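Bear in mind that the values in this text are calculations on the coordinates, not laboratory data. Nothing here was measured: the structure is a model prediction, and the numbers come from that model. Cβ: placed from backbone, ideal geometry, glycine included. Neighbour counts: every protein chain shown.
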Amino acid sequence: MKKLFITGTKAIFFFVGWAVLAGLLPIPDSSNGAVWRFWAELIPFLCVVGLTLIFWLMEKRKIEMHIISKPFRSVCIGFGTGVLWLGAAIIILAGLGVMRITATDTFPMLWLWLLSALINTIMQELLVRGYLYQMIKRNYNVVAAMVVTTALFTFMHGGAFEAGIVPVLNVITMSILMTTVLEYTQSLIAPVMMHFIWNGAGGIILGVVSLADDYPHLFTTAFTGNTLLSGGMPKMEGSIVVLTINIALTLLFLLFLKKQRKVA
């Protein structure tokens, strides 16, 4: 009971502390939307980096963070899986005739928008699968860490609850997939790469993933037909196709993980 209280207290102070800091620190004013969004992503990122360092030092560096372990291998796995993940969803949805590109657009500072999306994905992954995940895993086990951090990840994407059950299931299975990839690679780099390809290429380039309202996209994509397939208003993140791919990739990495542990 004492261990549960201590672990729960640490988790609450870490997450709530981040939320309070990120909410209280002012975002510098800017008439340039790309610059404003950059600061809006950078401040929460710096908050989670600072808190991670503080809590890690408080633990006397006993928790293995696995943030940048095996960088080359992790980048390759993250990039390859991210392309497969996003690409498979797009190909299937387009093949079913429920998704099509209807217009193209241009906007300045594409590189800064993409950088902001990258910072956001690093922040999310470090927040839920950094200190919190490793601390709970060390005190209990992988399952407990996965359940708690997936719940927090889903809470952070609260808009999915308004969109319906499939978007919520997609958020949950995405979090489980990211955690499985983390366990397989033992590096946060791979989930970050996957998440960034999904948000950056899927959201800013192709317009098939919903990001914050002010994020632009190069292509305008229409989702029509059966909403269970197309996703409807939440775009492809509301599609059962994405849910199926999430589950399939999770099972694949669980198989990889099982084989890896047998070899070890």
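Residue separation of Glu162 and Lys62 scaled by 0.36 nm, minus their Cα-Cα distance, works out to 32.0 nm of gained length. The modelled label-to-label distance between Ser31 and Val263, using points 7 Å beyond Cα along the C-beta direction, is 5.8 nm. For segment 115-209, just say rounded, prolate or oblate: build the C-alpha gyration tensor, square-root its eigenvalues into a ≥ b ≥ c, call rounded for a/c under 1.5, and beyond that prolate if a/b exceeds b/c, oblate if not. Because a/c hits 1.5 or more and a/b fails to exceed b/c, segment 115-209 counts as oblate.
3J(HN,Hα) along segment 214-225, derived from phi through the Karplus expression 6.51 cos²θ - 1.76 cosθ + 1.60 where θ = phi - 60°, amounts to 7, 5, x, 8, 6, 10, 9, 10, 9, 10, 10, x Hz, with x in place of Gly and Pro. Is the shape of segment 2-263 rounded, prolate or oblate, going by the alpha carbon gyration tensor and its root eigenvalues a ≥ b ≥ c, with a/c under 1.5 for rounded and a/b larger than b/c for prolate? Judged from the Cα gyration tensor, segment 2-263 comes out oblate (a/c at least 1.5, b/c at or above a/b).
Here the Gaussian network model covers the chain, with springs between Cα atoms less than 10 Å apart; of Asn246, Asn120, Asn32, Asn32 fluctuates the most.
So the label point goes 7 Å from the Cα of Ala222 along Cα→C-beta, right? Which residues of segment 77-102 then have their backbone N under 18 Å from it? Within reach of a label on Ala222, which here means backbone N under 18 Å from a point 7 Å along Cα→Cβ, segment 77-102 contributes 93-102. When trypsin sites (Lys or Arg not before Pro) are flagged only if DSSP places them in a loop and at most 10 other Cβ atoms lie within 10 Å, the longest unflagged stretch of the chain comes out as 63-264.
For Ile247 and Ser69, what does the FRET efficiency come to when R0 = 22 Å and r is the distance between their Cβ atoms, rounded to the nearest 0.05? FRET efficiency, Ile247 to Ser69: 0.25. In loop segments of segment 1-90 as defined by DSSP, the GluC sites (Glu not before Pro) with at most 15 further C-beta atoms inside 10 Å of their C-beta are Glu59, Glu64. You can think of it this way: the chain between Leu24 and Asn139 has 38.3 nm of extra reach, that is 0.36 nm per residue less the Cα-Cα gap. Screening the chain for whole DSSP H helices of 24 Å or more along their axis (Cα) with average Kyte-Doolittle hydropathy at least 1.6 returns 33-58, 71-95.
Set the Förster distance to 30 Å, then compute FRET efficiency between Lys3 and Cys76 from the Cβ-Cβ distance, nearest 0.05.
Taking R0 as 30 Å, the efficiency between Lys3 and Cys76 is 0.20.
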